[in-house]
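What follows draws every value from the coordinates through simple rules; no lab data is involved. Since this is a predicted model, take the numbers as computed values, not measurements. Cβ coordinates were reconstructed from backbone atoms using ideal geometry, including for glycine residues, and neighbour counts include every protein chain displayed.
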Amino acid sequence: MSLDITLIGAEIPIMCTCSECGNEHETIQQQVLFETNITHNLGTMAAAAGIYRVCWFPEDVGAVYAKDIIGKLSDGLAKLKQQPEVFKPLGANNGWGTYEQFVPWVEDYLKACEEYPDAKIRVSR
């Protein structure tokens with residue numbers, strides 16, 4: 001099982017031809033700016049770094065947009081990098097969820113949030 005996160009941009013109206021009736025219809029397509037996925041096995045490590053709720057349940061911390069979590073992700077990443085000896089033992093014993101996988105994932109997610117601060121956060125657990 002995994003956590004899927006998508007940063008969504010503007011809604012884009014597009015015209016498409018209906019396969020049922022052959023007529024053109026306008027539909028709305030959401031612009032996907034960033035997508036990522038990580039194992040639930042990293043939940044304990046994320047919690048220890050203070051970013052579990054931010055990543056897994058952003059709605060619980062009042063986060064709707066990427067800009068809402070930049071500070072918390074940045075703080076959590078700093079903790080992870082400053083104390084690898086604390087966080088490495090929290091990785092999954094089966095290798096599916098390690099410190100070496102989590103830190104670059106958090107870096108990428110933070111970078112995307114900084115690049116697209118007005119993007120809406122969509123999470124699937």
Cα-based Lys pair tally, the chain, threshold under 21 Å, eight or more apart or on separate chains: 11
Helix axis angle, 99-115 relative to the chain longest principal axis, alpha carbon, degrees: 50
Neighbourhood charge, 15 Å Cβ-Cβ cut-off, centred on ALA48 and excluding it, Lys, Arg +1 and Asp, Glu -1: +3
For volume of the Cα convex hull per residue in Å³, calculated from these coordinates, the label among (i) 148; (ii) 97; (iii) 116: (iii)
In nm, spacing of pseudo-spin labels at TRP96 and PHE57 (7 Å Cα→C-beta vector): 2.3
Added length on full extension, which subtracts the Cα-Cα distance from 0.36 nm per residue, VAL123 to THR17: 35.1 nm
Helix-only [θ]222 nm of the chain, DSSP H runs n ≥ 4, -39500 (n - 2.57) each, per residue, nearest 500: -10000 deg cm²/dmol
